[in-house]
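J.: Sharing a structure here in structure tokens format.
Readers should treat all values here as calculations from the given coordinates under stated rules, not as data from a laboratory. As the structure is a prediction and not an experimental result, all values here were calculated from the model. Cβ coordinates were reconstructed from backbone atoms using ideal geometry, including for glycine residues, and neighbour counts include every protein chain displayed.
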Amino acid sequence: MIKKSNLFLKLLKPFKNIYFIILIVYIVWMVVFDANSWLIHSDLNDDIEALNSKIEFYNGEIENDKKEINTLNSTDGIEKYAREHYKMKKENEVVYIIEDADSLKIKKNE
């Protein structure tokens with residue numbers, strides 16, 4: 001019984017020091033409550049990572065669009081794009097569209 005109380009008193013001894021208490025309060029304040037707290041910084045870092053991934057995605061999309069614009073600069077490119085994407089055809093021409101079984105299943109589910 002005496003050993004337990006001595007251990008308890010030894011554990012409480014630092015809390016009797018006012019500087020130690022002020023240090024603990026300061027650390028808790030800076031980590032949790034301050035405007036520049038660690039919690040806010042971690043949220044902001046997550047936002048920055050998400051924005052950087054969006055930047056990479058859109059840069060890739062811009063490169064793809066630039067390549068497509070370069071192919072559309074010629075009349076052959078415009079004709080090819082219209083035939084592939086809008087299924088346009090020339091006069092007196094018949095166009096057959098052949099689809100895979102997988103693409104038909106996807107269209108039915110939509």
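J.: What do you reckon, is Glu84 of a type in the set (Asp, Glu) and either in contact (Cβ under 8 Å) with a residue 24 or more places away in the chain or within 30 Å of Ile97 (Cα to Cα) (or both)?
T.: The answer is yes for Glu84.
J.: Here is a follow-up. Mind checking which residues of the stretch 63-96 are surrounded by 10 or more Cβ atoms within 10 Å (Cβ to Cβ) and among the aliphatic types (A, V, I, L, M)?
T.: Result: Ile69, Leu72, Ile78, Ala82, Met88.
J.: Yes or no: the stretch 13-32 includes at least one residue that is exposed (fewer than 10 other Cβ atoms within 10 Å of the Cβ), over 30 Å from Val95 (Cα atoms) and not charged (D, E, K, R).
T.: So far as the stretch 13-32 goes, yes, one or more of its residues are exposed (fewer than 10 other Cβ atoms within 10 Å of the Cβ), over 30 Å from Val95 (Cα atoms) and not charged (D, E, K, R).
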